[in-house]
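Peer 1: Okay, here's the structure, questions in a sec.
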Amino acid sequence: MSKVVEISPTTRHEGHSKLVLKVNDQGIIETGNWLSITPVRGVERLAVGKTMEQVPKIASRVCGICPIAHTLAGVEAMEASIKCEIPRDAHLLRVILQCANRLHSHALHNILTLPDMYIPGTDTKINPFTPEEPVRTVAKRIQRIREIAQTIGEIAGGEAIHPSNPRVGGMYKACSPQAKTKMYDLAKEGLVLAHAHMDFMIAVLRNYQKRDWAEVGGKQIKIPKDLGYHDQGYMATHPVYGSSSLDECPTWDPSRFKESRPWDWYMGESEITLEDPTYPVGGTTKMGTKANPQMEACTGVPCYDGAPVEVGPRARLVKFKNFDEKGTIGQQVARQLEYPDCLTAMISALDEYNPNGKVVADYIPQGDGSMGWAANEAPRGTDVHLAKVKDGKVLWYSMLVPTTWNFATCSAALTGAPWQLAEVVVRGYDPCVSCATHMIVIDEDNRIVAQKLIE
Amino acid sequence: MLYPEIVIAGCGNPLFADDGFGPAVVEELQKLTLPDNVKVVDAGLGGPHFVFTLLDPEVTKKLVIIDIADFGAEPGSITKLRVEDLPPGSYRDAHSWDLTEPLHRIKDEVDITVIGCQPKIVTDPDMEIGLSDEVLDAIPKTVRIVLETIGVDYGTTIKRLQEDRQRGTAKSSGSTETS
């Protein structure tokens, strides 16, 4: 007889989400629903009528972690709509910024997932904040990697948090030869740390994979060998940067995308029939409470070629580097493998960058209202912004952010896992829920049928 | 880039009306020429994630945080808070990256001042751009308080700034500019 358990809110990631899980007598998940419960926020509506310079700045404010990815995707969606090609050196600065963003974001994610992992050879879970070795050295290395990444981001992007340098048509300012040297020095220091850190993280992850059990709320939970497996396929547009043209990258075609409604996808109303007060932190939802994922989900379900897909580090590695490991640990390993890639890509961009080069296009068209899109490979996956610009003003704007893609895919990946480990699977996706909220629903004829469902 | 001796961070989200107060004050401060040992950051929503990584415990001595705070006063009122006044948060959930806990951790090494402004409207979860008049009028006062806190005498320029601001929003001029 199936029972329903709910974990709300899920912890150690960004934003508000919850898990509603239908489990069998052994506590194994039969149907998993992972959904955003952050309310609809309406950035698309706000963008209409604003200038094409303003909108990427607005878009960058939807999230506290990924302002860089949203700025770049926003600016490039505008450029794609007005058909403006930017100078090579401006593009290189954006690549540097992109790599810096990915580097500090992955390092932050390590802090969030390490508490699930064990110090190899022991039954002690890792507390990243402990002053004791060996964890202290690792925490300090993570800190230094983030420092390096944020500093490079500040030099290339103008500001460390909300980048001010990218603009429609290129970048406002070029970086001086001194700034280039400084970034170069930092990147070289970062590369050494990144290799060491990747090795450490992979060792810890492989150790978890070899374990038979993990401790959750004082109980030993068996770790299945296929934790987090799914058959949903992957989507990525570029190993490092992204794409805004079908000629350049045929892997993302907006016409193959369709968003379905959450009420076609999630479970209907059900009553919570299983409760565990020892589950960290503060126990699961009380028995007898009603859960209704269909109505509570704050995102649509984006489908590519009719099915949800996975985006993120593993998707990039599968599509471009022949990586083929499935499951949560495979996904985490893929993320660690991107550490050195961020820095080598950054170093090649710096090598090519000419501080005396032009960074703004000579001519910036004002747009004729045609549709443009940009897919940016953000740390968490493909971040697509779509825009129509006419006479310098935005007519229509839409954002399709990485975690939205992963909600349905991860829900499928939960099947077969013990419910106590559901959050470990969720965290593997490095979810960033606050900006994932997005509710434009398109029907069979590609018409927008619902902007908002919930009261 | 590690931060210098004095760091001023404006926090908040301009997409939620008065929540944009912190970044708006930062914008004003960035127009001024401040000493080299001062860094002004628009922390946006990323304060807890990004500000602490760049504090250099050897160098940074003073941290000024500008944000909205609900302390039950008239909209646009300003208050100065010490870290002791903030309730301690804890590292546990989605909002675990709350600002208070790391502040409590570093308060013995860094002198922390929180400048809070009473908001009129915060539109979360709906997005709305633009500060209310009351909060807009509090910006010059806040700039003065920040400069006082970090010991910078900016002479008459700030007065000018204030007058410009009042000319800009004529209908509410003279209402809150008393201190």
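Peer 1: Which one is nearest to the other protein chains (Cβ to nearest Cβ) among residues in the stretch A:48-78 that are in a loop (DSSP other than H, G, I, E, B) and under 15 Å from the mean Cα position of the chain (by Cα)?
Peer 2: Among them, the one singled out is A:GLY64.
Peer 1: Every residue in the stretch B:1-29 that is more than 23 Å from B:GLU128 (Cβ to Cβ) and in a loop (DSSP other than H, G, I, E, B), please.
Peer 2: B:MET1, B:LEU2, B:TYR3, B:PRO4, B:GLU5
Per-residue answers, yes or no, for (1) modelled with pLDDT under 90; (2) farther than 30 Å from A:ALA179 by Cβ:
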| site | (1), (2) |
| --- | --- |
| A:PRO280 | yes, yes |
| A:GLY283 | yes, yes |
| A:ASN292 | yes, yes |
| A:THR299 | yes, yes |
| A:ARG316 | no, no |
| A:PHE323 | no, yes |
| A:GLN332 | no, yes |
| A:ASP341 | no, no |
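Peer 1: Under the condition of being within 27 Å of the chain's Cα centre (by Cα) and hydrophobic (A, V, I, L, M, F, W, C), which residue from the stretch A:267-297 is surrounded by the most Cβ atoms within 10 Å (Cβ to Cβ)?
Peer 2: A:ALA297
Peer 1: Quick one: is A:LEU21 in contact with a Phe, Trp or Tyr (Cβ under 9 Å, 6 or more places away or on another chain) and away from chain B (no Cβ under 14 Å)?
Peer 2: Against the criterion (in contact with a Phe, Trp or Tyr (Cβ under 9 Å, 6 or more places away or on another chain) and away from chain B (no Cβ under 14 Å)), A:LEU21 qualifies.
Peer 1: Do we find that A:SER81 is in a helix (DSSP H, G or I), closer than 23 Å to A:PRO302 by Cα, among the hydroxyl-bearing types (Ser, Thr, Tyr) and at pLDDT below 90 in this structure?
Peer 2: When the stated conditions are applied, A:SER81 does not pass them.
Peer 1: Filter the stretch A:315-367 down to the residues that are surrounded by fewer than 20 Cβ atoms within 10 Å (Cβ to Cβ), without any contact (Cβ under 8 Å) to a residue 40 or more places away in the chain and not in a loop (DSSP other than H, G, I, E, B) and list them by number.
Peer 2: Within the stretch A:315-367, A:SER348, A:ASP351 qualify.
Peer 1: Could we say that A:PRO163 is assigned to a loop (DSSP other than H, G, I, E, B) and closer than 20 Å to A:ARG61 by Cβ here?
Peer 2: yes
Peer 1: Can you name every residue in the stretch A:114-159 that is under 30 Å from A:MET171 (Cβ atoms), in a loop (DSSP other than H, G, I, E, B) and more than 9 Å from chain B (Cβ to nearest Cβ)?
Peer 2: Scanning the stretch A:114-159 gives a single hit, A:GLY158.
Peer 1: Then there is this: Those residues that are within 14 Å of chain B (Cβ to nearest Cβ) and either surrounded by 16 or more Cβ atoms within 10 Å (Cβ to Cβ) or not charged (D, E, K, R) (or both), I need them from the stretch A:160-189; list them, please. Full working, then the answer.
Peer 2: Here is the first cut: in the stretch A:160-189, the residues within 14 Å of chain B (Cβ to nearest Cβ) are A:160-165, A:175, A:178-179, A:182-183, A:185-186, A:189.
If the condition is that a residue be within 14 Å of chain B (Cβ to nearest Cβ) and either surrounded by 16 or more Cβ atoms within 10 Å (Cβ to Cβ) or not charged (D, E, K, R) (or both), then A:ALA160, A:ILE161, A:HIS162, A:PRO163, A:SER164, A:ASN165, A:CYS175, A:GLN178, A:ALA179, A:LYS182, A:MET183, A:LEU186 are the ones that fit.
Peer 1: With respect to A:SER260, is the statement that it is within 25 Å of the chain's Cα centre (by Cα), over 20 Å from A:HIS106 (Cβ atoms) and of a type in the set (Ser, Thr, Tyr) true?
Peer 2: yes
Peer 1: Which condition breaks for A:ARG45 when tested against (1) over 17 Å from B:GLY20 (Cα atoms); (2) of a type outside the set (Ser, Thr, Tyr); (3) within 9 Å of chain B (Cβ to nearest Cβ); (4) under 18 Å from the mean Cα position of the chain (by Cα)?
Peer 2: That leaves (4) as the condition not met.
Peer 1: Inside the stretch B:105-130, can you point out the residues that are within 14 Å of chain A (Cβ to nearest Cβ) and either surrounded by 22 or more Cβ atoms within 10 Å (Cβ to Cβ) or within 11 Å of B:ILE78 (Cα to Cα) (or both)? Outline the logic, then answer.
Peer 2: Of all residues in the stretch B:105-130, those within 14 Å of chain A (Cβ to nearest Cβ) come to B:105-106, B:122-130.
Residue satisfying the conditions is B:MET127 alone.
Peer 1: Search the stretch A:98-113 for residues that are within 11 Å of chain B (Cβ to nearest Cβ) and pair each with any residue that is part of a helix (DSSP H, G or I) and of a type in the set (S, T, N, Q) when their beta-carbon atoms are under 8 Å apart and the residues are at least 6 apart or on different chains.
Peer 2: Filtered contacts from the stretch A:98-113: A:HIS104/A:GLN150; A:HIS104/B:THR53.
Peer 1: For the condition surrounded by 22 or more Cβ atoms within 10 Å (Cβ to Cβ), modelled with pLDDT under 95 and touching a Lys or Arg at 6+ places or on another chain (Cβ under 9 Å), what is the one hit in A:THR237, A:THR151, A:THR130?
Peer 2: Answer to the check: A:THR237.
Peer 1: Take A:LYS225 and decide whether it is modelled with pLDDT under 95, more than 14 Å from chain B (Cβ to nearest Cβ) and farther than 17 Å from A:ALA107 by Cβ.
Peer 2: On the way: modelled with pLDDT under 95: yes; more than 14 Å from chain B (Cβ to nearest Cβ): yes; farther than 17 Å from A:ALA107 by Cβ: yes.
For A:LYS225, the condition - modelled with pLDDT under 95, more than 14 Å from chain B (Cβ to nearest Cβ) and farther than 17 Å from A:ALA107 by Cβ - is met.
Peer 1: What is the number of the single condition among (1) more than 12 Å from chain B (Cβ to nearest Cβ); (2) within 24 Å of B:ALA43 (Cβ to Cβ); (3) in contact with a Phe, Trp or Tyr (Cβ under 9 Å, 6 or more places away or on another chain) that A:LEU35 does not meet?
Peer 2: (2)
Peer 1: OK, next. Quick one: which residue in A:THR38, A:THR71, A:THR31, A:THR124 is within 25 Å of A:CYS342 (Cβ to Cβ) and of a type in the set (S, T, N, Q)?
Peer 2: A:THR71
The values are calculated or read from the model by the stated rules, or taken from the named source; none is laboratory data. Nothing here was measured: the structure is a model prediction, and the numbers come from that model. No Cβ is skipped: glycine too gets one built from the backbone with ideal geometry, and neighbour counts run over all protein chains shown.
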